[in-house]
1. With every protein chain kept in the model, how would you rank 130, 86 by accessible area, 1.4 Å probe, largest at the top?
2. Using a 1.4 angstrom probe, figure out how much accessible area the chain has per residue, in square angstrom, rounded to the nearest whole.
3. Which of the helices in the chain, when you take each full DSSP H run, stretch at least 27 Å along the axis at their Cα atoms and have an average Kyte-Doolittle score of 0.5 or higher?
4. Taking Cα pairs under 8 Å and at least six residues apart, what relative contact order does the chain come out at, in percent?
5. How large is the accessible surface of residue 203 in square angstrom, using a 1.4 angstrom probe and rounding to the nearest 10?
6. Can you give the charge dipole size of the chain about its Cα centre, rounded to the nearest 20 debye, using +1 on the beta carbon of Lys and Arg and -1 on the beta carbon of Asp and Glu?
7. State the answer as a single residue: which of 26, 141, 151 lies farthest towards the positive end of the charge dipole of the chain, with beta carbon charges of +1 for Lys and Arg and -1 for Asp and Glu, about the Cα centre.
8. Which sequence of 154, 98 reflects their accessible areas, 1.4 Å probe, from the largest down?
Amino acid sequence: MKLYTYDPAPNPRRLALFLKLKGLAIDTRQVDLLANEQLGDAYRQINPALSVPALVLDDGTVLTEVIGMYTYLDELHPQPPLMGSTAAERAQVISWCHRLFSGLMMAIAGALRNRGKSFINRALPGPLDTPQIPELVERGLLQIGYILPELDAHLAQSKWVAGDNFSIADIDLLVCIDFLAWIRQSVPDECTHLKDWYQRACSHVA
Ligand SMILES: N[C@@H](CCC(=O)N[C@@H](CS)C(=O)NCC(=O)O)C(=O)O
C-alpha cells in the first residue's frame with residue numbers, strides 16, 4: 001500500500017489524523033501542491049483525478065476519496081472504532097461526514113479558490129481547468145455563516161459530532177475549523193459549544 005499526500009492540505013490532514021488515531025504507518029510520498037506536482041504526467045499516471053490524498057492498494061486499486069480510504073482502513077483495522085460500532089451509528093457518522101464535506105469543506109474551498117491569483121483556472125481541483133466565479137466566494141461565506149451556528153446548536157446537545165463517541169466526523173469538522181483560517185475566518189465567539197467541542201477534539205487527537 002502506498003499513500004500519496006501533501007501534509008499541509010486539509011483533505012490529506014483528515015487521513016493523517018485518522019492514521020494517527022489508528023496507530024497506522026503507511027509508506028508515504030509527498031506530492032508538492034505548491035509546485036503543481038499533482039498536475040504533472042508522473043502523478044497523472046498514479047491518480048488521474050490529480051488530487052491528494054491517493055491511496056494505492058497492493059492490488060493496484062487507487063482510492064481517491066478520503067471517505068473511501070477511511071472505510072477501507074477501518075475494515076482492516078477496526079480498533080479504535082472511528083466509524084461507529086452499530087449500523088445506526090455508522091449511518092450517522094457517514095451522514096455527518098457527507099454533510100460536512102458538501103456543506104462546510106466545499107464552502108471554505110469555494111471561498112478560497114474563487115479569488116486570488118493562486119487558483120486562476122484552478123477553482124476546482126482535478127483535470128478540468130475551471131475558471132473562478134467570484135460570486136462563489138460570497139456564497140461560501142454565506143454557507144459558513146449558516147452552518148457554524150447550526151453546528152454550535154447541535155454540539156450543545158451532543159458530546160461529539162455523531163453522538164457519544166469520537167469519530168471521523170469529528171476529524172472532518174476539526175480539519176474544517178482549522179481550514180477556516182485559510183480564508184481568514186474563525187468560529188464566532190458566540191458559538192461557545194462549538195468552541196468547547198474544538199478544545200475537546202484537539203485534546204483527543206493530540
Ligand atoms: N475528493 C477528495 C478531495 C481531495 C482534494 O480536494 N484534495 C486537494 C487538497 S485538500 C487537492 O488535491 N488539490 C489539488 C489541486 O488543487 O490541484 C477527497 O475526498 O479526498
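The values are calculated or read from the model by the stated rules, or taken from the named source; none is laboratory data. Computed from a prediction, not measured in an experiment: that's the story for all the values here. Cβ coordinates were reconstructed from backbone atoms using ideal geometry, including for glycine residues, and neighbour counts include every protein chain displayed. The protein model used for the area step is the full one, side chains on, heavy atoms only, and it has no ligands, DNA or RNA in it. Shrake-Rupley method; radii C 1.70, N 1.55, O 1.52, S 1.80 Å.
1. Accessible-area ranking of 130, 86, largest first: 86, 130.
2. 52
3. TM-like helix candidates: nothing returned.
4. 19 percent.
5. 90
6. In debye, rounded to 20, the chain gives about 300.
7. Projecting each Cα onto the dipole axis, the largest value belongs to 141.
8. Largest accessible area first, the list is 98, 154.
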